[in-house]
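Working notes for the structure below.
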Amino acid sequence: MFGSNTLEIAIGIILLFFLVSTLCTAVREGIEAKLKTRAAYLEQGIRELLNDFTGTGMAKSLYDHPLISGLFNGAYKTLAKGNETTLKRPDLLAGGKDLPSYIPSKNFARALMDIATRGKDMGAVNLNEPSNTITIDNIRKNISNLGNPQIERAILNALDLAQGDLLAAETNIENWFNSSMDRISGWYKRSTQWIVFWIALSVAVIMNINVFTVVDYLSKNDTARKILVQRAGVLTKDSTMLKMDYMQADSALKDLKLPIGWSNYGSFRINHADGSGIWNNLFGPLLGWLITALAATMGAPYWFDLLNKFMVIRSTVKPKEKSEEEPSYTPRPNPPTNSVMDNAENEPDCCSEPFNEDTPDQELPASKGGVAL
Amino acid sequence: MSFSLTWLPTVLLDAGLKVAECPGWANLGRAEMGTVEGVLCHHTATTIRSGNMPSLNTIIHGRSGRDALPGPLAQLGLGRDGTYYIIAAGKCNHAGPGIWKGITGGNTHFIGIEAENVGDGSEPWPEVQMDAYARGVAAILKHINRGAEFCAGHKEYRLPIGFKNDPNFDMNDFRRRVQDIMDGRSAPVVIPKEEPAGLIRQTLRRGKANDAELVKIVQQKLGLTVDGFFGPITEAAVREFQRGKGLVADGIIGPKSWAILDTIA
């Protein structure tokens, strides 16, 4: 039966994936803050856009242009390696040095129009000559000084379509820039997914987050499952969920009290009897970790949405826990205290003190069975 | 309304075991059980060395004092004569925090069996009790469709490990024994209905339609009020007699007890 149990296990797993995702994203952001890989991708994108693969011509002029150079510290130095034919994409973990991670499209368009009119040399004088003011005509007149036919073509194309309107020409250049930026975002997203995957795989192995163990555990422990669903209910109502930092995600993950981590590895394994099998010791955990890692690459927002959807489904499929909260028969004056929250911490046990209320043989109830019929 | 473990007596009786139902057991429990995943074995650590199940009332009512705990403390009690006392059909306070096979909610998911034993190694486990222990566990596991590995000792389940020492026998040996029973390699030994030869006297026990004349003979030999009724007092006296003669003190007069009774005046 696709009952509320299955749904609750799914909610538990989604919550787990969400927290792992958040954790990995936080780590990824930490790495990005250090390396600024996006800046490297942007620089590469601009070099390709401006047909300046070695970063010595147009791209250098653009980055040196006051409208752009104000966005970062120090002077521009290309990150390009090799020449036009051997040019490679930046590595997954390429460093972006001090270059900007974002360039507003307006700054780009204005800087480019300025370069087209006043020339590539940032040290040039006489900038205020009438022939150097930015007008459609002046751009057309001076553009050949760029010495970069592809760019000239692109700018002239923008001018032509603007039909004499300078602001429309600027917008056209912005659009051209933005379409290229979408491409850079695509590169960056793909590289992020790879990096998050490797981070998630490390996290899954280091913290031993094996999906199979967790599913098995949840399917067997009614109380653990209920606690987890309650927790999910609280978390989904919290709008700051998606802004959790590393420490918060880490402690939330520990709060779930799931069979993760290595300290209790032995007792979490389900099949003690055939604990030596290759599935139990090798392929099972490997696949479990891999699934966790792949799930984390989907990103925290994805899992958060899914979690919300599942919580909604669950609230429509009424769980059958009502009867548990109101036992129809209370055998003792002190009735069971909130059986749902009766988790491992407050599970009492016996045998800690000698039993001392004597039951003499005469008080024992009569037995039956054990005799041949 | 009763709790869900009402199948316990039938399952144990079918395994050829002696079963005694405590009054009101079907309605006793802390709450309803969860899915039954296995069995947790305990010993009572009683201080009383006489009697068949001196801890029974404590298990039913809970314990008071420094470490007070409301009962019931286990679903089943196992007397020294191998009789299962059915105590509760709901959840009991027996497990405490721990983990076995990935299962943490011990009270919710495990049936607790408290076997009567001092538990410090000074009281040997009678063979009849150990045999009944393994058979009862095997019958329950078979009923819930689980293998012998879902039988854990409290000492194995309870965290931190080493906090509890019960039961004080080797659980791996015990599980092997349970597995043998589950695999049908060990048939139960029951008390014959009557003597095999000679006088062919029927087996007498409390709560059964006994031959009053035979009961009178027993009562007379044990120096009790001769009324022909096999009640709790007669049973207790029979247990005492059996204990003195080195028999299984189950209060049942079978062929072995008859043979010994014949030797006294």
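The values are calculated or read from the model by the stated rules, or taken from the named source; none is laboratory data. Bear in mind the structure is a predicted one, so any value in this text is a computation, not a measurement. Cβ sites come from the backbone with ideal geometry, for glycine too, and all protein chains shown count toward neighbours.
Observations, loosely collected:
- The condition (being part of a helix (DSSP H, G or I), at pLDDT below 85 and either surrounded by fewer than 17 Cβ atoms within 10 Å (Cβ to Cβ) or touching a Cys at 6+ places or on another chain (Cβ under 7 Å) (or both)) is satisfied by just one residue among A:Val196, A:Val234, A:Val215, A:Val203: A:Val234.
- Some residue of the range A:22-37 being aliphatic (A, V, I, L, M), within 14 Å of the chain's Cα centre (by Cα) and crowded, with 24+ Cβ neighbours inside 10 Å: yes
- Pairs with Cβ under 6 Å, 6+ apart, first in the range B:87-105 and closer than 21 Å to A:Thr359 by Cα, second assigned to a strand (DSSP E or B) and among the hydrophobic types (A, V, I, L, M, F, W, C): B:Asn93/B:Leu69
- Of the listed requirements (1) more than 10 Å from chain A (Cβ to nearest Cβ); (2) at pLDDT below 90, B:Gly62 misses just one: (1).
- Of residues in the range B:1-59 being among the charged types (D, E, K, R) and in a loop (DSSP other than H, G, I, E, B), the one farthest from the other protein chains (Cβ to nearest Cβ): B:Arg49
- If you go through the range A:70-117 and keep only what is loosely packed, with under 15 Cβ neighbours inside 10 Å, in a loop (DSSP other than H, G, I, E, B) and at pLDDT 85 or above, you end up with A:Tyr102, A:Pro104.
- Of all residues in the range B:202-214, those that are more than 17 Å from B:Ile191 (Cα to Cα) and within 14 Å of chain A (Cβ to nearest Cβ) total 0.
- Sub-6 Å Cβ pairs linking a first residue in the range A:361-373 that is more than 7 Å from chain B (Cβ to nearest Cβ) and touching a residue at least 60 places away in the same chain (Cβ under 8 Å) to a second residue that is part of a loop (DSSP other than H, G, I, E, B) and exposed (fewer than 14 other Cβ atoms within 10 Å of the Cβ), at least 6 apart or interchain, number zero.
- Some residue of the range A:277-284 being of a type in the set (A, V, I, L, M) and either modelled with pLDDT of 75 or more or more than 21 Å from the chain's Cα centre (by Cα) (or both): yes
- In the set (1) within 7 Å of chain A (Cβ to nearest Cβ); (2) more than 15 Å from A:Thr359 (Cα to Cα), B:Thr83 fails one condition alone, (2).
- Any pair with Cβ under 8 angstrom, 6 or more apart, that starts in the range B:37-60 at a residue that is closer than 19 Å to B:Leu141 by Cβ and ends at one that is part of a helix (DSSP H, G or I) and among the hydroxyl-bearing types (Ser, Thr, Tyr): B:Leu40/B:Tyr157; B:Cys41/B:Tyr133
- All positions within the range B:84-112 that are hydrophobic (A, V, I, L, M, F, W, C), touching a helix residue (DSSP H, G or I) at 6+ places or on another chain (Cβ under 7 Å) and either buried (at least 24 other Cβ atoms within 10 Å of the Cβ) or over 23 Å from B:Ile60 (Cβ atoms) (or both): B:Ile87, B:Ala88, B:Ala89, B:Cys92, B:Ala95, B:Ile99, B:Trp100, B:Ile103, B:Ile111
- Selection status of B:Ile252, buried (at least 18 other Cβ atoms within 10 Å of the Cβ) and β-branched (Val, Ile, Thr): yes
- Test: A:Leu67 is surrounded by fewer than 21 Cβ atoms within 10 Å (Cβ to Cβ), modelled with pLDDT of 85 or more and aliphatic (A, V, I, L, M): yes
- Checklist (1) touching a helix residue (DSSP H, G or I) at 6+ places or on another chain (Cβ under 6 Å); (2) part of a helix (DSSP H, G or I) applied to A:Ser144, failing item: (1)
- Within the range B:175-190, the set of residues being within 10 Å of chain A (Cβ to nearest Cβ) and outside any loop (DSSP other than H, G, I, E, B) comprises B:Arg175, B:Gln179.
- Boolean, A:Ala295 is part of a loop (DSSP other than H, G, I, E, B) and either surrounded by fewer than 16 Cβ atoms within 10 Å (Cβ to Cβ) or at pLDDT 85 or above (or both): no
- Taking the criterion of being closer than 19 Å to B:Ile48 by Cβ and among the small types (Gly, Ala, Ser), the residues of the range B:100-144 that qualify are B:Ala115, B:Gly119, B:Gly121, B:Ser122.
- In the set B:Gly207, B:Gly198, B:Gly162, B:Gly228, only one residue is under 28 Å from A:Ala366 (Cα atoms), over 19 Å from the mean Cα position of the chain (by Cα) and surrounded by fewer than 18 Cβ atoms within 10 Å (Cβ to Cβ); that residue is B:Gly228.
- Screening the range B:79-174 for strands (runs of 3 or more DSSP E) wholly inside it with 1 or more residues that are over 25 Å from B:Gly24 (Cα atoms) and in contact with a Pro (Cβ under 6 Å, 6 or more places away or on another chain) returns the ranges B:151-153.
- Verdict on B:Ala132 being of a type in the set (Gly, Ala, Ser), surrounded by 18 or more Cβ atoms within 10 Å (Cβ to Cβ), modelled with pLDDT of 85 or more and more than 30 Å from B:Leu261 (Cβ to Cβ): no
- B:Ile99 satisfies every condition listed in (1) within 19 Å of the chain's Cα centre (by Cα); (2) more than 19 Å from B:Val137 (Cβ to Cβ); (3) facing chain A (nearest Cβ under 8 Å); (4) not charged (D, E, K, R) except (1).
- Single residue of B:Gly147, B:Gly223, B:Gly184 found to be closer than 30 Å to B:Thr104 by Cβ, modelled with pLDDT of 85 or more and out of contact with any Gly (no Cβ under 9 Å at 6 or more places or on another chain): B:Gly147
- When the range B:191-230 is filtered for residues that are among the polar types (S, T, N, Q) and either part of a strand (DSSP E or B) or touching a residue at least 12 places away in the same chain (Cβ under 8 Å) (or both), the ones remaining, listed by number, are B:Gln202, B:Thr203, B:Asn210, B:Gln219.
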